[in-house]
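Asks: Here it is, the structure, as structure tokens.
The values are calculated or read from the model by the stated rules, or taken from the named source; none is laboratory data. In this text the structure is predicted, and so the values were computed from the model without any measurement. As a convention, Cβ positions derive from the backbone with ideal geometry for all residues, glycine included, and neighbour counts pool all protein chains shown. SASA here: full protein model, heavy atoms, side chains in, ligands and nucleic acids out. Shrake-Rupley method; radii C 1.70, N 1.55, O 1.52, S 1.80 Å.
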Amino acid sequence: MIGKKLLDEFNAQINEEAFSAYLYLSMSAWFESVNLPGFASWMAAQSREENDHAMKFFSHILERGGKVSLEAIARPTPEWKTPLEAFEAALAHEKHITGRINGLMDLAIAEKDHASASFLRWFVDEQVEEEASTDAVVQKLLLTKNAPGALFMIDRELAARN
Ligand code: FEO
């Protein structure tokens, strides 16, 4: 059985991951609206991954005999000034999520909940990957300074993500 404090935080994390999915779906829609389908497809794939993250917490709570409690998902920002601004917002969001995951791990260790600590290890590793892949796009966009030719090249590259 999962402790009350960790259960509440895991339920809050379902909401964090669901909001992440919503935020990236909003970014995907915005990229479509500015005719960058590769960026849009990358963000749609990212959004699907976030839904998977939410479901991992959902399943873990149920497997541990806890009660899932779903809250309202906040409205994400609908538009950004430039692709760089959108990706910088995505990177800032991933850093926030990394902080959340580290906090959950601290709590699992403090509560001596070894099963939850083992479950969270996947997320600790995943956040390294999430920040790196988002930052890689930020760095490319910083180099191009939103020059149209370079943007279209990055768009084609990002379209290659499943
Ligand atoms: Fe589920 Fe991108 O962190």
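Asks: Among PHE31, PHE152, PHE57, which one shows the highest mean-square fluctuation when the chain is modelled as a Gaussian network with alpha-carbon springs under 10 Å?
Replies: PHE152
Asks: Sticking with this structure for a sec: Can you compute the charge dipole magnitude of segment 33-162 about its Cα centre, using +1 on each Lys and Arg Cβ and -1 on each Asp and Glu Cβ, nothing else charged? Give it in debye, rounded to the nearest 20.
Replies: Values: 14 positive and 20 negative charges, 39 e Å.
Once rounded to the nearest 20, the dipole reads 180 debye.
Asks: In whole Å, how far is the Cα centre of segment 1-73 from that of segment 99-162?
Replies: Cα centroid of segment 1-73 versus Cα centroid of segment 99-162: 14 Å apart.
Asks: What value, in deg cm²/dmol to 500, does the helix sum -39500 (n - 2.57) over DSSP H runs of n ≥ 4 give at 222 nm once divided by the residues of the chain?
Replies: It comes out at -28000 deg cm²/dmol, rounded to the nearest 500.
Asks: For segment 77-162, which GluC sites (Glu not before Pro) are in a loop by DSSP, counting at most 15 other Cβ atoms within 10 Å?
Replies: Answer in residue order: GLU79, GLU111.
Asks: For the chain, take the longest principal axis of its alpha carbons; what is the angle in degrees between that and the long axis of helix 4-33, to the nearest 10 within 0 to 90?
Replies: Value to nearest ten degrees: 10.
Asks: Over segment 1-92, with every protein chain in place, what whole percent of the accessible area is carbon and sulfur at 1.4 Å, could you tell me?
Replies: 55
Asks: Find, among the trypsin sites (Lys or Arg not before Pro) in segment 123-162, those assigned to loop by DSSP (not H, G, I, E, B) with at most 13 other beta-carbon atoms within 10 angstrom.
Replies: Here the sparse-neighbourhood loop sites are LYS145, ARG161.
Asks: Which whole-Hz ³J(HN,Hα) couplings does segment 39-48 yield from phi under the Karplus relation 6.51 cos²θ - 1.76 cosθ + 1.60, θ = phi - 60°, glycine and proline marked x?
Replies: So the J values, rounded to whole Hz, are 4, 4, 5, 4, 5, 5, 5, 4, 4, 4.
Asks: Take the Cα radius of gyration of the chain and divide it by 2.2 N^0.38 Å, with N its residue count; two decimals is plenty.
Replies: Expressed relative to 2.2 N^0.38 Å, the Cα Rg reads 1.13.
Asks: Using the charge dipole of segment 19-157 (Lys, Arg: +1 at Cβ; Asp, Glu: -1 at Cβ; taken about the Cα centre), state which of ALA74, VAL34, ILE101 has its Cα farthest towards the positive end.
Replies: ALA74
Asks: Same structure again: Principal axis lengths of segment 1-43 from Cα atoms, whole Å, largest first?
Replies: 48, 12, 8 Å, listed from the longest principal axis down.
Asks: Please report how many Lys pairs in segment 1-100 have alpha carbons closer than 19 angstrom, counting only residues at least 8 apart along the chain or sitting on separate chains.
Replies: Summing the qualifying lysine pairs gives 5.
Asks: Moving on to the next point. Roughly how many Å² is the accessible area per residue of segment 27-113, as a whole number, for a 1.4 Å probe?
Replies: On the way: 4440 Å² over 87 residues.
Ligands and nucleic acids excluded, the result is 51 Å² per residue.
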